[in-house]
Structures are given as C-alpha cells and as structure tokens.
2 protein chains.
Amino acid sequence: MPPETILQKENNFSEWYSEILKRAEILDIRYPVKGVYVWYPYGYKLRKLIYEILQSLLDKEHEEVLFPLLIPREELMKEKEHIKGFEEEVFWVTKGGSTELEIPLALRPTSETAIYPVFKVWIRSHRDLPLRVYQIVNTFRYETKHTRPLIRAREITSFKEAHTAHASRADAEDQIKRAVALYKNFFDQLAIPYVITRRPDWDKFPGAVYSLAFDTIMPDGRTMQIGTIHLLGESFSRTFDIKYEDKDGSSKFVNQTCYGISERCVASVIAIHGDDHGLVLPHEVAPIQVVIVPIVFSSGEGGNNEVKQVEEACFTVQEALKEAGIRTFMDNSEERPGAKYYRWEMKGVPLRIEIGPRDLRNNRCEFVRRNDLKRMHVPLSEVVPEVKRTLKEIHEGIFEKAKETLRTNIHKSEGIGADISAEEMEELRRRAGRGIVSLFLCEREGCGNELEEQLGVSVLGEAYEREEGEKNEGKCLFCSRKAKNVYVARAY
Amino acid sequence: MPPETILQKENNFSEWYSEILKRAEILDIRYPVKGVYVWYPYGYKLRKLIYEILQSLLDKEHEEVLFPLLIPREELMKEKEHIKGFEEEVFWVTKGGSTELEIPLALRPTSETAIYPVFKVWIRSHRDLPLRVYQIVNTFRYETKHTRPLIRAREITSFKEAHTAHASRADAEDQIKRAVALYKNFFDQLAIPYVITRRPDWDKFPGAVYSLAFDTIMPDGRTMQIGTIHLLGESFSRTFDIKYEDKDGSSKFVNQTCYGISERCVASVIAIHGDDHGLVLPHEVAPIQVVIVPIVFSSGEGGNNEVKQVEEACFTVQEALKEAGIRTFMDNSEERPGAKYYRWEMKGVPLRIEIGPRDLRNNRCEFVRRNDLKRMHVPLSEVVPEVKRTLKEIHEGIFEKAKETLRTNIHKSEGIGADISAEEMEELRRRAGRGIVSLFLCEREGCGNELEEQLGVSVLGEAYEREEGEKNEGKCLFCSRKAKNVYVARAY
C-alpha cells in the first residue's frame, strides 16, 4: 500500500533524498558499518546503465584494466604532496589471520600509487604512448565528516578512474580537453547540467599541476563535485621514474593526466530530476523505460471478456515495444491501479501507458509522462514511434528544467570585489550558500579561508569556459589585490 | 620480435602457465604485493567476455546486487562453523587514518555474513521468496601457501557469488539442481570439461549441509576446483534470524543455498586449451575472433598496385565480418607476417585469415585454424558463413579434445578398496596425482587423512551423477568399513 505521506523535496531535500533511496529501492542503508551501503537490485540496474554510458564513451580511446586494491605503505607514501592529501583518510590493513603484516597495506583511496609503478614497466618507447587506461573499482576513504549514501561514503563502490601518459605536455593538455568533452557528453546523456571550473591552486588534486572540476547544484543550493580532471604533468612520472625513449634516442619523463567520476553521478540523477512523487529518470538510464498498466475492474459490465481483451492489447503493445528495443514492463499484478502508479512513479519510469476498455473501443491508449504527469491519447497503431518520440521529449524536458534551475542559481555579478557596497555585501550574505555566486577573489589561500569564515562558502574556481566579454579582472573582496572572477558556493 | 624459445606445455606446465600470462598479456605479476596481480587490457577483455556469459545465464533468474567489502568482526564471527573455516585467512582493517578502529573490519573472504543480516530485513513474507541475488566482487584471502595468478590469489578480483533463500528445503534442493545446470551450461560455453562431486562432509563449505563442486583436470594432472554449490539449509538463517511469514501465518526460517565461481574459470580456459604456441580461445570469449593478415611484400613483381589490392580485399573482408557481428582485427602493421602469426597465435585468436596476391587472383583467401593450425582455401564470396562454421568447428574441436583428455585421466576401477592386491596398490601409487582415480573410501576424516599421507592425494567426493550400473558399495581402502566409490586426486 502506498504510504500516506507525500514526499516534500523543496526545503526538505536531505530527508527527501534518504526516503527516495529507500522507497525507490536504490540503496539500503541498514548495513552495520558507518558510511557503507547495500545496492538493491533496482538501484544496481540504474548504476549499471549509467556506467555503461560512461564506459561506451571511454572505450573509444581507453582500454579497461584492473589494478589491485591493496597498496603497500611505501608506494602510497612516495609522492609527498599526494599522500599529504590522503593520509588522514586511508584505511589500513594490518593483519592477515592472526599474523601482523610486515608492511601495512592501504585500501586504495585512488590508484595513482598502485598504477604508476606498473606504468614504469609498461612504458618503454614513444611507440607505447599515448597510454590511456581506465578502471571501475571500489575505493575507500575514512570519512570523519557526516556520511551520506553515494555522496560521501567510506566505500565508493564504483569509482571510474582514467589514467593517461603522453610524450609531451602539449599532448597531455590535449587529453585534458578530450576528457572535458567526454564528461560533457556523459552528463548531457544524464540530463545533468554543470559548471566547469579550474580549482584554486590550494585545492587542486594532491600532486597535480592543476585540477578541473564539474559541479552541479543540488536542490538545497549546495554544489556537488561530480567529476574531476587533473593535469599531473611530470610530478608523478618523476616520483615513479616513468620514462620513455624518444625517437631521437633520448630518455624523457612522460606527461600524465588522470580523471575520475564516482557514484555521485548516480546521486545527481536522483537528486536533480526527482520530485515529490519519487525518481524521474531519463530514458537512457531507466531500468524500465515504459510500464504498461491494464485498467481493468474484475466486476461490472463487460466482465471477464473485457478484462481479457485489455490484457491482450497490453501484451501486444509490450511485445511491440520490446521488439523495438525498449525496456518495457507490464504490471498485471492484482494491485489497484493507484498502487501501481505510486510504485512506478516512485521508481522514476519515464512513461506509463494505460489501456482500459474504453481506450480499446477507440483503438487507443493513454500515455502519462513521468516528468510532468501530462496525459495524452495515442492511437494503438502509433505506439512505438510515439513512445520513442515521447521518451526523447521527456529527456529534453527534464534537461531544460534542470538547466534553467542551474542558471537561476548562478548569481553573476561584475561588481562583487573590493569595492563592494554595504548593500551588496548584505545581498551577498543572503545569497551565499544558495547556489553559485561569482565574485573577485585573489589566488591566496588566506582569502579563501576568509571567504569560508565570513560567508560559509568555498571557492569552486575560475570558470573553465568563459562567456564572451565577461569581465575577468578586479580586486579581491578581502585583500583588494588583483583578482580574478571565481565561482563560490557552499559545497557538498 | 618473437622470442626464440618455443613454450613447452607438457611436463612443464607451471612455467608454461606463467609465461603465457605474460606473453599473451593476461596478467602482470610485477605488482609489489604478494598474491595480487594487474589485469592487462587484453586479459581484462577476456575476463569480461567470460563473465558476460556467466551473467547472461544468471540474469535469467537472479538479480544483481552489491554488498560492502567490509564486514564487522562481530558479524563475521556469528556463524561458528563458518568462521572456523576462514579465520586464519582473513585480512583485517584496524586503522582509519591514524585512528585505531573500535571494531576491526574484515575484507570479505566471501559474503554470507555481509549479506544475510540484510536478508533478514528484506525477507518478510512467503511472497518475498524465492529471493535470488548475485554479485561479482573482489574478495580476499590471506593465503599462506604458494600463490599463483588466477588460481590461488590474495585478491580474487572477480568472485561471482549467488545467494538464494527459499520457503522450504525442497525448494532449496531444487535450486541446487538449477545451479548445477547453470554451471554446466557456463563451462560448456567455455569448452571446459568437468567432474561434479559431492565433497566429503569434513571438506564441505563451512556452515553448509553439503557442498557440490565442479573440478577439471589441469595439464599437470592436478585437479582444480572451478565452481562450488552449497546447500546451506537453515544453518545461516537460524544464526542470522532470517524468517518469513508463511501463508498460514506461521513464522519459519528460510532455506538457503549459495554458489560461487572465481576467476579460476579464466585460468581453466588458459590452461586447458592452450598449447606450445600460446592461448587457444573458444570464439565465445575470444577478444578477437578473427585476425586478418595481408600477405604483401613491398618489393617484387606486381609492386604497390598489388599491395593496395590485397589491403583493399582484407578491408572488405573485415567490414563484412564486423557487419556479421564477428570481432575482427586487421593487422596491417609493418611487421613481417611471421611476427604477426606469433603474436596472434600467442593471444589465442581462433581463426586467422591470410590474403595474398595469388589468393586474390583466385578470388579466395586462406583460413588458418588456431587449434590445429590447419589451413584451408575459402572463396572470398563464402567468407562470412565459412567463418561462422569454422568458429563453431574449432569450439567443438577443442571441447572434444579437452573431454578426451579428461576421460583418459579418470581412472575408474570397480576394485580398488580394502581387498586391493599388492599389484593394484602399486598401480594406484603410480597413478595417484596424475588425474583422478576412483576408489572405495569411507566417510571418516581419518581415512581421508590417511589417503593424503600415503598417496599424496585428497578426496574430491562421490560423483554427483553416477553412471548407470556403476558399482557403489565396497570396503574402505584403509579401514575396511563400508564405503562408497569416491574420486580422489591431487588438487590445486
């Protein structure tokens, strides 16, 4: 039976999110270890479809590999900057059976230090470059902050990490551009809008030359980092001694990049598109794209014969849709239609098709779009092309809506900097933490901390792709030094 | 350049196996932690294709889930028999950052104790049964014995474990039969022959009522367990309090089964089919099913025009094969044909197609079958159907050969038991450890130990499916008590 309460997404996002994970059967949080969760079958299907898109994009120019989970302490500690960024977050295996291990083994927080010693033996010559690999693995962070399923977990069950090595800095920079294009393509398919920024120097990936990040805005106004891309340059290749012999016979360090996406991509699909009725899934990743509900009443005129005809019509539609490659489910369970609507709306099925006796008499069925619950009659003979068209339309609809929400939550201003008026400062305080604000901030970490303290927001960074004519020189809000326009937000 | 040495599989299996993993680029063993390895891209593709077959079989009546890696000590310790079987093999996480964890966390050696506390909350009513789930995960064993890639590793990167819950013992027993059928189907597709036995009581899965196992015989005469199926009955459901409400309102414990396959299935494909030239892959799992090699010589009569024509013909064949859904690669690198043959034979590509100028003049090409290196001419117009036919033929060929090898390595005798003659005992000693021997042994662990000590072999168990008319009652070889016919072998 559908619970009485209707979920309230607005002003209540955190509770809504937990409820949705449970009711739509995405993740079960009742596992007896903090910060780790169980994927339900339905959630796992959603995860799988999302990662299949990511993999099909990666497979075009990367090869899939698999490196070990366990990293010896010594390797993990090699890159000084890198380990500083992770040492307080690493889980350590110290015992095997009742034996104390001689060398403690880290559960990978990320795999640079597992992969690069092997790159050293894989790469010999310029002919081995570029080397582009990726893996999808479980990674671990000993999170001491508040944990949250898919967003801040101790076991990230599905971390996609790509690692590339190139002959030159220019080639590596070019790979960064390709990675940006790939991630854009991926999030477009999820109908997830984003901003891309270059993280401030003091917040880049430990060991990187610079880091780019994709962020989206969550319904509570906080931003969530959903993808990162790092230019590593020669920092790791020098530490791990990864060299190649160039055409002229000289020995050179490779230039590297790495880029990652975690299951936050699943969280974003749930959080951005969902509504008070549950999930709203773009058809690309919906485990069930169309649910068919026969509208039959076992008593009343017409009787059994009519029931049979309706069910047959539903079955015919189902077969035609399956034939067309559409993931279709016919719900002919004995529940009342209302209970069925509740369940499949909760699970985010993009399109529901209802067929009742009256529809049948008119050779039609009824479409109900999940995103706006709009109804329309469709002739039975047109079902397949109309489903295809409608699924696309729904994708466009939810993407447009999400983009519009993102746009209205980015508060651009050319003026916010050292010369800010008291009134503007007041406005800034009001806005801070509710979406993204752009302002002038210098590159010093101190001013970033000041921002954090005074406004409770952090720096995302400079926009990666600047709009034409945008003003990008000003004075730092705090120290009045020369500053660039950066995005700031309260971040997950 | 191809190394000079030819691999010797016979009498030299162990070295051959290591060399093949390296030369065919399956696993890199140069990772600095004992017993864990790196999957090369080619090896990972092979692994992926093998597991895709397994998943497509499982997906028919199981749902995929994902449970956490970390198991709290208390949960792992709950099932007394179970933990006795694993406690000396468990890796323990004891620290997060610099903090000592309050509760040590085990890296799953297998997931019963992670999954069943959650089954307890998932299962409420008879309507929730049967519950059939599986996951493919990394599991860990602190192996103190000699480790070996894919066969005995500390990180099993791809453990497929299925877990089911049923309303009755009969339903659970029925699931055991389905699991047996599923595994048969799986290994048939890999062209891997097996024997199925019921393990002796003292060697069953810790906590099970009984265990069935699939074993195959490796080229060195030792058996390798490649799949196990366990009837758990109520032992875990009583420990973890997994009950359901039956139709009559009564509360009952569920009956359970579990069954697993590790990456030993990959090892078996490599070891059983491979030969002195490298891997021999059945087309179902071959990352490349057909390699096309243009036979061209840059100098000589005909010259560039002929080269161009040959390459065009190769390209046309490639496109036709790809169109037909066949994984095809055209090797038009600048290496000599011999070097290409070496590489693709090493990688186990089932079929090579060569096209040279003379072939072209005759509107034909040449097929070279990987399994027996037999050559045949095929008209260009017949390539696609002939490739399909030949790939099937190769599968049948390698399967028949493997079955024949298995058969000749099972030494059945109706006589070996208490009344064995001195001559027969001598023969038994000679045979022991080289394949499987059947003999009469009682069910006491002491006699199993005796067998181990005297002949260096262990008990696989009674055959699961007995041949008609086979004698199954005799006297134990060691204690003369009533005994059944069992298979014994030196096992991996």
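The values are calculated or read from the model by the stated rules, or taken from the named source; none is laboratory data. Please read these numbers as outputs of a predicted model, since none were measured by experiment. Glycine gets a Cβ as well: all are built from the backbone with ideal geometry, and neighbour counts include every protein chain shown.
Contact annotation: residue pairs with Cβ atoms under 6 Å, 6 or more positions apart or on different chains, pairing a residue in the range B:261-285 that is in a loop (DSSP other than H, G, I, E, B) with a partner that is modelled with pLDDT under 95, are B:D276/B:I6; B:D276/B:L7; B:D276/B:K9. For the range A:1-33, the set of residues classified as modelled with pLDDT of 90 or more and over 22 Å from the mean Cα position of the chain (by Cα) consists of A:R30, A:Y31, A:P32, A:V33, listed by residue number.
Within the range A:224-249, if we keep just the residues that are among the hydroxyl-bearing types (S, T, Y) and in a helix (DSSP H, G or I), the residue that is surrounded by the fewest Cβ atoms within 10 Å (Cβ to Cβ) turns out to be A:T239. The set of residues from the range A:179-192 being surrounded by 19 or more Cβ atoms within 10 Å (Cβ to Cβ) and either of a type in the set (D, E, K, R) or within 25 Å of A:G85 (Cα to Cα) (or both) comprises A:A179, A:Y183. Considering (1) more than 10 Å from every other protein chain (Cβ to nearest Cβ); (2) farther than 28 Å from B:E102 by Cα; (3) free of Cβ contacts under 8 Å to residues at least 40 places away in the same chain, the lone condition that A:K78 does not fulfil carries the number (3). In the range A:339-346 there is no residue that is within 21 Å of A:G397 (Cβ to Cβ) and touching a Pro at 6+ places or on another chain (Cβ under 7 Å).
Among the residues of the range A:133-168, the ones that are polar (S, T, N, Q) and assigned to a loop (DSSP other than H, G, I, E, B) come to 3 in all.
Yes/no per residue for (1) surrounded by fewer than 22 Cβ atoms within 10 Å (Cβ to Cβ); (2) at pLDDT 95 or above; (3) in contact with a Ser or Thr (Cβ under 8 Å, 6 or more places away or on another chain):
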| position | (1), (2), (3) |
| --- | --- |
| A:K95 | yes, yes, yes |
| A:Y116 | no, yes, yes |
| A:S125 | yes, yes, no |
| A:L131 | yes, yes, yes |
| A:I136 | yes, yes, yes |
| A:H163 | no, yes, yes |
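Beta carbons closer than 6 Å, at least 6 apart along the sequence or on distinct chains, pair a first residue in the range A:26-47 that is closer than 18 Å to A:C265 by Cα and more than 9 Å from chain B (Cβ to nearest Cβ) with a second that is part of a loop (DSSP other than H, G, I, E, B) and small (G, A, S) for A:G35/A:A153.
Only a single item in (1) of a type outside the set (S, T, Y); (2) under 30 Å from A:G274 (Cα atoms); (3) in a helix (DSSP H, G or I) is not met by A:R434, and it is number (3). So is B:T94 of a type in the set (S, T, Y) and facing chain A (nearest Cβ under 7 Å) or not? Yes, satisfied. Only residues that are of a type in the set (D, E, K, R) and within 8 Å of the chain's Cα centre (by Cα) were counted across the range A:261-288, and they come to 2.
Would you call A:K374 under 27 Å from A:D276 (Cβ atoms), in contact (Cβ under 8 Å) with a residue 60 or more places away in the chain and either charged (D, E, K, R) or touching a Lys or Arg at 6+ places or on another chain (Cβ under 8 Å) (or both)? Spell out the reasoning first.
Working: under 27 Å from A:D276 (Cβ atoms): yes; in contact (Cβ under 8 Å) with a residue 60 or more places away in the chain: no; either charged (D, E, K, R) or touching a Lys or Arg at 6+ places or on another chain (Cβ under 8 Å) (or both): yes.
No.
The single condition from (1) in contact (Cβ under 8 Å) with a residue 40 or more places away in the chain; (2) assigned to a helix (DSSP H, G or I); (3) surrounded by fewer than 17 Cβ atoms within 10 Å (Cβ to Cβ) that A:L406 fails is (3).
For the range B:113-143, a residue qualifies if it is of a type in the set (V, I, T) and facing chain A (nearest Cβ under 10 Å), and the qualifying residues are B:I115, B:V118, B:V121, B:V133, B:V137.
Among the conditions (1) in contact (Cβ under 8 Å) with a residue 12 or more places away in the chain; (2) facing chain A (nearest Cβ under 10 Å), the only one that B:K84 does not satisfy is (2).
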